[in-house]
1. So which residues in the stretch 194-211 are assigned to a loop (DSSP other than H, G, I, E, B), buried (at least 23 other Cβ atoms within 10 Å of the Cβ) and hydrophobic (A, V, I, L, M, F, W, C), if there are any at all?
2. Could you please find all residues in the stretch 321-369 being under 15 Å from Ser160 (Cβ atoms) and of a type in the set (S, T, N, Q)?
3. May I ask you to say which residue of Ser270, Ser265, Ser285, Ser308 is surrounded by 13 or more Cβ atoms within 10 Å (Cβ to Cβ), in contact (Cβ under 8 Å) with a residue 40 or more places away in the chain and touching a Lys or Arg at 6+ places or on another chain (Cβ under 7 Å)?
4. Which members of the stretch 165-192 meet the condition of being closer than 19 Å to Glu312 by Cα and either crowded, with 24+ Cβ neighbours inside 10 Å or free of Cβ contacts under 8 Å to residues at least 40 places away in the same chain (or both)?
5. Before we move on, is Asn229 surrounded by fewer than 20 Cβ atoms within 10 Å (Cβ to Cβ), without any contact (Cβ under 8 Å) to a residue 24 or more places away in the chain and either touching a helix residue (DSSP H, G or I) at 6+ places or on another chain (Cβ under 8 Å) or assigned to a loop (DSSP other than H, G, I, E, B) (or both)?
6. What is the one condition in (1) at pLDDT below 95; (2) part of a loop (DSSP other than H, G, I, E, B); (3) of a type outside the set (Val, Ile, Thr) that Pro148 does not satisfy?
7. If we scan the stretch 128-143, do we find a residue that is surrounded by 15 or more Cβ atoms within 10 Å (Cβ to Cβ), of a type in the set (Asp, Glu) and either assigned by TED's automatic domain parsing to the domain that holds Ile182 or more than 16 Å from Ala200 (Cβ to Cβ) (or both)?
8. Could you say which residue among Gly214, Gly205 is within 23 Å of Phe282 (Cα to Cα), under 13 Å from the mean Cα position of the chain (by Cα) and among the small types (Gly, Ala, Ser)?
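The values are calculated or read from the model by the stated rules, or taken from the named source; none is laboratory data. Computed from a predicted structure; not experimentally measured. Heads up, the Cβs are rebuilt from the backbone with ideal geometry, glycines too, and the neighbour counts pull from every protein chain shown.
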Amino acid sequence: MSVRKTDYLAIRANYHLPGNIYANTSSNGVMSDQTVHIGLNVDRSFQDDPDGSRNYWVRSGQQHVKQTLARYLNTSVSNLALVPNASIGLNLLIHSLDGNLPVLVLENEYPSLTAPFDINMKSVIRLSFDVERSGTKEIIDLIDRYKPGIVAISWVQWLSGFRVELDELCTYCRNENIITCIDVTQALGAFHLNLSKTPADIVIGSGYKWVLAGFGNAFVYVADHLLENFHFKVAGFNSYDFNGDQYSFEESIRCLEPGHLDHVSFTRFSAALDQLISMDPFALSTRVLALSTLFIHELEKLGIEHLSAESEFERSGIVSADLSQQQYALLNDADIRFNRRLSYARFGWHFYNMEEEVLRVIEIIRKGL
């Protein structure tokens, strides 16, 4: 049987990467020329034929986006809602959860995931987690000790790049009747999520990072066993079924879509997902890990401290390094795009990056020793 080999140089040609080296997908991914072109065409159609384009978008277009997303995640359209960003999705959804359930989060989790629980739930348990000494097993041990009703966690942590073993975590929690709420924003697009196999209960994710779809598009997934008992506290246009002049309210996950959805943002989302679907997901994630692992190994050769998981199976495209002011200055002078987070330089390596770029960044850092 022949093995399909991905030509990343050819793929890279479809992306105009800013700077000399763009290693900042963890802040904002770069849309492909194809994605941008498709988005512009949709905007032009709304200019040329506003009423016809509006009717197509409302009746068919946004449903096509959901179908593409469902195909990518291997789930059903009836389990998905489209939202402008993951934060809005979680803030709309959280009112359907039992506010008395204790929620477990990691201490250094990104606040957009934890803040809605802090505001709306009676008890939030924050657990310290040392990424260099602990992993998924230790997180499960803490869950077993504290017995929360909900576990809210990012698939990939925003600073350390730690990637929880999602199947293992979600399977344990499902067996213990603990609801999982997973933010996949820093993972999806670099790692593939198959919701027919991973028993996650709630998944939220935005498309502007590793999916490479630009701002304004995100989704919420809710598993069937939760949807059966949910009573949504928000509703709007998309919560109704229309038949001519007659309309009727139907409580479903579409209640999380209370208003019109942005046609350009979600068309870009669908286009970016189509491009990911066309690629080998295993080869893609293997490439991302190869780039970040190369970076980690070269940092260690230089004796530079970094944040990353001990196990390569729990790493991602994110690596944060402890650099000096001189090294920051050298990288900035060379127009290397990365982000300063807390006291670390955070790099996000994606499939459109090259091994030569990783080594070039390392050489610049070496000059600052």
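1. Residues of the stretch 194-211 assigned to a loop (DSSP other than H, G, I, E, B): 194-201, 207-211.
Applying the additional criterion that residues be buried (at least 23 other Cβ atoms within 10 Å of the Cβ) yields 200, 207-211.
Those that are assigned to a loop (DSSP other than H, G, I, E, B), buried (at least 23 other Cβ atoms within 10 Å of the Cβ) and hydrophobic (A, V, I, L, M, F, W, C): Ala200, Trp210, Val211.
2. Across the stretch 321-369, the qualifying residues are Asn339, Ser343.
3. Values: Ser270 fails: touching a Lys or Arg at 6+ places or on another chain (Cβ under 7 Å); Ser265 fails: touching a Lys or Arg at 6+ places or on another chain (Cβ under 7 Å); Ser285 fails: touching a Lys or Arg at 6+ places or on another chain (Cβ under 7 Å).
Exactly one of Ser270, Ser265, Ser285, Ser308 is surrounded by 13 or more Cβ atoms within 10 Å (Cβ to Cβ), in contact (Cβ under 8 Å) with a residue 40 or more places away in the chain and touching a Lys or Arg at 6+ places or on another chain (Cβ under 7 Å), namely Ser308.
4. Of the stretch 165-192, the ones closer than 19 Å to Glu312 by Cα are 165-169, 184, 186-192.
Hits for the stretch 165-192 are Leu166, Asp167, Glu168, Leu169, Val184, Gln186, Ala187, Leu188, Gly189, Ala190.
5. Working: surrounded by fewer than 20 Cβ atoms within 10 Å (Cβ to Cβ): yes; without any contact (Cβ under 8 Å) to a residue 24 or more places away in the chain: yes; either touching a helix residue (DSSP H, G or I) at 6+ places or on another chain (Cβ under 8 Å) or assigned to a loop (DSSP other than H, G, I, E, B) (or both): yes.
Judged against the criteria, Asn229 is a match.
6. Every condition holds for Pro148 apart from (1).
7. So the first thing to find is which residues in the stretch 128-143 are surrounded by 15 or more Cβ atoms within 10 Å (Cβ to Cβ), and the list is 129, 131, 134-136, 139-140, 142-143.
Next, only the ones that are of a type in the set (Asp, Glu) stay: none.
So far as the stretch 128-143 goes, no, none of its residues is surrounded by 15 or more Cβ atoms within 10 Å (Cβ to Cβ), of a type in the set (Asp, Glu) and either assigned by TED's automatic domain parsing to the domain that holds Ile182 or more than 16 Å from Ala200 (Cβ to Cβ) (or both).
8. Details: Gly214 fails: within 23 Å of Phe282 (Cα to Cα).
Being within 23 Å of Phe282 (Cα to Cα), under 13 Å from the mean Cα position of the chain (by Cα) and among the small types (Gly, Ala, Ser) holds for just one of Gly214, Gly205, which is Gly205.
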